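For reference, the structure discussed in these notes is given below.
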Amino acid sequence: MDCSENRLLTSRRGLLLGGASFAAWAYLPKFARAADGRDPRLIVVILRGALDGLSTVAPVGDPDYAGLHGSIALAADGAHPAIMLDTFFALHPAMPEFARMYRDKHAAVIHAVATPYRDRSHFDGQDVLESGYAGPGRVQSGWLNRALEALPRGERVSSGLAVGPTTPLVLRGNAPTVGWAPVALPQADDDTAMRLVDLYRHRDPALASALSQGLQLEKAASGDDMKRKPGNAVMQMRQVARGAAKLMAADDGPRIAALAFDGWDTHANEGGPVGRLAFLLGGLDGALAEFESGLGERWRDTVVVVATEFGRTARINGTDGTDHGTATIALLAGGAVKGGRVISDWPSLKLANLHEGRDLKPTTDLRSVIKGVLQGQFGLSDRVLAETVFPDSAAARPMKGLVV
Amino acid sequence: MARDSQAALVALNRFGFGARGGASGDLINAASDPRGFVKAELGRRNGVLLEAPGLQSTPQLGQAVFAYQDQVKQAREAAKAATSAEALPAQAPADPKSDTKLRRNLSLNAVMSEIAGQTAEPKPADIAAKPDTMQPNAAAPPPAKPAPQPLNVIQKTFRAEALARLQRATLVECGFTERLVVFWSNHFCISAGKGELARIWAGAFEREAIRPHVLGRFADMLKTVEQHPAMLFFLDNQQSLGPDSRAGQNRKRGLNENLAREIMELHTLGVGGGYTQEDVTSLARIITGWTFAGRQGQLGTPGSFVFNANAHQPGPQVLLGKTYAPTGLAQGEAALADIARHPSTANFIATKLVRHFVADDPPPTLVARLRDVFVRTDGDLKALATALVDSDEAWKAPLTKMRSPYDFLVASGRLLARVPQDPGPYLNSLNLLGQPLWSPAGPNGFPDTSAAWAAPEGIKLRLDIASQMGARLGNNIDPLNLLEFAAADAASVETRRTIERAESRQQALALLLMSPEMQRR
């Protein structure tokens, strides 16, 4: 089975994800744009678990927002004020780096965006997001890989970079990829552990108590207290980004990378300007900053796309969290982004305007956003984008003007 | 027949290694005839034997160790000679050719790699160095490790034996007979940690002494085990000399009771089984001379069992109230045959078997029934296994036993339909989880109660490993499909919901592997 292909699993503390190995080392064409000598780079960050877009870029100007999002709603005032991006939208205060990029016009937000997927299963939602197909279908290739295949030939540089223990579906396919995982990623994350503790509590109290104690021991050993500490996750995100950026900064380094950050499924105790989501957003913000500093000169030619499988309910649930919803946000960051804008055909949060009476209604197709980025960065044609990269997607026209 | 998923879970998890994923249909097959599904494997006695290309016999392996040790020794001496030659330049050889030859032998590594051959498998840790992974110079690369050594013949053999066993366990339909092999192998355990011979023999011992008798007679297994070079080495009987034997008188060494004690305490009668220290000493005397031929082969083929009459204590011996005439090797064989059918043995084995398969606190009625079967059939292990599967207790008892680390890893591999090609990850995980393959801490084997395997640290580590599996393999699986393969409608609502609600396939797989349905049997 390669039961635990945890090949480096050799010591108590040495549980590692390192040494991921995927496709053979291979080369892909360099797609320097002849016109202006740019050497574009693209990083796709998947946030697994369905990010609450309404808590990340809050429509504080929408009269219904504060009521629906209740105790976790962001506000432009108070102890932890959200950062106003324009007169209507405010950014989560845990993202000062993104705010700075936004002010420098190197970051943009697309709001009320969704893939064509309209149900609420993480697995299927991620399939659609990453495969680029209109529905879940267990396809074994992703849109980013097919985009790689469609690129014009050129000087040889190394191929797409899959960051993490496995290649995310978005980068899987015929075009060769290389893998890299930081050597010291912590093992089971807190979220998985807590879900398991919860299952055991209901089904197997003996295992629940054993696991809880085991986790406590682990925390004690690593100097943490028993409280959930997404701090690890934050460190991890930065570390992953730093490594990926270094690889991509090299002259012959990969021009395209994909990675995934877990933990965005905020059913309970999501938190507002501070709390669990805030920690995670801080990690994402730190990762973006690492990309920026790690890529150095190359940041100028870079676009980072941050996307998630779907959003969360407009109204908070009974446990101060949000359930699976539909529309959410996508973030763009990088020197090549024509930024400083929140791009949105805002549907409003009036009950009548909510998707199925509960979710932010999608008004923008995420595929249009990604197509716009791919076209702006690499010059892929409408036809290739509509037929190969995102099959049967002609109706979702590439969004113009996203890239400088 | 009606389908009974709960009974299928008992069939697959309590008696076997869990359902295989993919198109196996194990759960459906087990559900339609649970007892038949388990018992099907009992009809194929030869199916328990394990043969794989390259697996060698105990004497062959013993000779390989002897040869390896000789070469290491020669290399060391050559190195020493070369060092002293360099220290005295006046004595340096004039012929540059012979100098080169000498230098070639300088490195122990070079010699070891010659022994191991060119086709040494990469060690698990080597994977990180494969050229298709990248290392950013920024993210603090791990400190440079010394170049990996090629595996020596002992390590290679151990891995090949482990792989053969793992592959069999992964591929076999139900796994009942393989579980029996593991049970008996642990009952009559040796430890690979004892030394090079034990390590190279660990797999062969199980293949030669356990497997042929798992569905045969207990007395036959007992005799084969106690005469196997691996057991004689593990419990020091090759050093035991009858005080009055010729060798004993010459060498002023004497009896070693280790094997005799463990035979009665751990292998047959059990503690409190009605034997005294006198009996232990007596049995020790009876089996003096049971040894294996060494590298010189003076007593027989090197690495094979031999009876050394020179080391055997002469005269009759009284054991458990019975006098055994001085018949040499036959004296010990007669003693073992009697111990094998002793009522205490029947009780001890029945209790252990029921504890292993049914519950930490074995139902007394079931233990009594198996003890009777053991006595009535003169230790027919197939009859014993059949009686266990036929019992109602085994099907009614709640699934509360904790899977051992080995069972957990094999069950996970089966569910994921991944046939192991490299034993490394399994061996590493087993080390980590406290059940290093064929290497228990003592001759009593690995513990067999849930408490031992449900310890906090162990569970946390299991979660880490499950998480790794999830991260590596979750991409390509449909977790709900897998739950169907593993438990179908015997899965609890909570488990199903937990998996459905996982935020990624990777997480869902980790949670499935850690679910009570996968951890308990």
Does B:TRP395 satisfy being crowded, with 22+ Cβ neighbours inside 10 Å and within 30 Å of B:VAL367 (Cα to Cα)? no
Can you find, within the stretch B:282-319, the residue that is nearest to B:SER240 (Cα to Cα) among those that are open to solvent by 60 Å² or more (accessible area, probe 1.4 Å) and assigned to a loop (DSSP other than H, G, I, E, B)? B:PRO314
Boolean, A:VAL304 is of a type outside the set (D, E, K, R), under 11 Å from the mean Cα position of the chain (by Cα), crowded, with 24+ Cβ neighbours inside 10 Å and more than 28 Å from A:ALA268 (Cα to Cα): yes
If a residue has to be modelled with pLDDT of 85 or more, under 20 Å from B:GLN507 (Cα atoms) and open to solvent by 10 Å² or more (accessible area, probe 1.4 Å) to count, how many in the stretch A:170-188 make the cut? 1
Does B:GLU484 fit the bill of being part of a helix (DSSP H, G or I), facing chain A (nearest Cβ under 9 Å) and of a type in the set (D, E, K, R)? no
Subset of the stretch A:269-293 [among the charged types (D, E, K, R) and assigned to a loop (DSSP other than H, G, I, E, B)]: A:GLU270
Need pairs with beta-carbon distance below 6 Å; first residue at the interface with another protein chain (Cβ under 7 Å from one of its Cβ atoms) and within 13 Å of A:ARG48 (Cβ to Cβ) and within the stretch B:498-510, second basic (Lys, Arg) and open to solvent by less than 20 Å² (accessible area, probe 1.4 Å); sequence gap 6+ or separate chains. B:GLU503/A:ARG48; B:SER504/A:ARG48
The correct count of residues that are of a type in the set (S, T, N, Q) and buried (at least 23 other Cβ atoms within 10 Å of the Cβ) in the stretch B:334-355 is 1
Return the only residue of B:PRO440, B:PRO447, B:PRO425, B:PRO456 being modelled with pLDDT under 95, under 23 Å from the mean Cα position of the chain (by Cα) and at the interface with chain A (Cβ under 7 Å from one of its Cβ atoms). B:PRO425
Checking A:VAL342 against (1) within 19 Å of the chain's Cα centre (by Cα); (2) among the hydrophobic types (A, V, I, L, M, F, W, C); (3) farther than 24 Å from A:ARG48 by Cα; (4) open to solvent by 10 Å² or more (accessible area, probe 1.4 Å): exactly one of these is not met. Which one? (3)
Has the stretch B:492-504 got any residue that is touching a Leu at 6+ places or on another chain (Cβ under 6 Å), among the hydrophobic types (A, V, I, L, M, F, W, C) and crowded, with 19+ Cβ neighbours inside 10 Å? yes
Going through B:GLY254, B:GLY242 one at a time, which residue ends up being surrounded by 21 or more Cβ atoms within 10 Å (Cβ to Cβ) and among the small types (Gly, Ala, Ser)? B:GLY242
Give me the pairs, please: first residue somewhere in the stretch B:459-480 and more than 7 Å from chain A (Cβ to nearest Cβ) and open to solvent by 10 Å² or more (accessible area, probe 1.4 Å), second residue anywhere and of a type in the set (Asp, Glu) and assigned to a helix (DSSP H, G or I), beta-carbon distance under 7 Å, and either six or more positions apart or on two chains. B:LEU480/B:GLU500
B:THR377 versus (1) surrounded by fewer than 18 Cβ atoms within 10 Å (Cβ to Cβ); (2) within 23 Å of the chain's Cα centre (by Cα): which is the lone unmet condition? (2)
Scanning the stretch A:147-169 for residues that are modelled with pLDDT of 80 or more and open to solvent by 20 Å² or more (accessible area, probe 1.4 Å), the one farthest from the other protein chains (Cβ to nearest Cβ) turns out to be A:ALA150
Positions within the stretch A:246-281 being facing chain B (nearest Cβ under 10 Å) and within 16 Å of the chain's Cα centre (by Cα), in sequence order: A:ALA260, A:ASP262, A:GLY263, A:TRP264, A:ASP265, A:THR266
When the stretch B:9-33 is examined, which residues are found to be in a loop (DSSP other than H, G, I, E, B) and open to solvent by 10 Å² or more (accessible area, probe 1.4 Å)? B:ARG20, B:GLY22, B:ALA23, B:SER24, B:GLY25, B:ASP33
Cβ-Cβ distance below 8 Å, separation of 6 or more or different chains: which pairs start in the stretch B:47-73 with a residue that is closer than 25 Å to B:LEU215 by Cα and among the polar types (S, T, N, Q) and end on one that is open to solvent by 40 Å² or more (accessible area, probe 1.4 Å) and not in a loop (DSSP other than H, G, I, E, B)? B:SER57/B:GLU208; B:THR58/B:GLU208
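The values are calculated or read from the model by the stated rules, or taken from the named source; none is laboratory data. Only a predicted model underlies this, so the values are computations on that prediction, with no experimental measurement involved. Heads up, the Cβs are rebuilt from the backbone with ideal geometry, glycines too, and the neighbour counts pull from every protein chain shown. Calculation scope for accessible area: heavy atoms of the full protein, side chains included, ligands and nucleic acids excluded. Shrake-Rupley method; radii C 1.70, N 1.55, O 1.52, S 1.80 Å.
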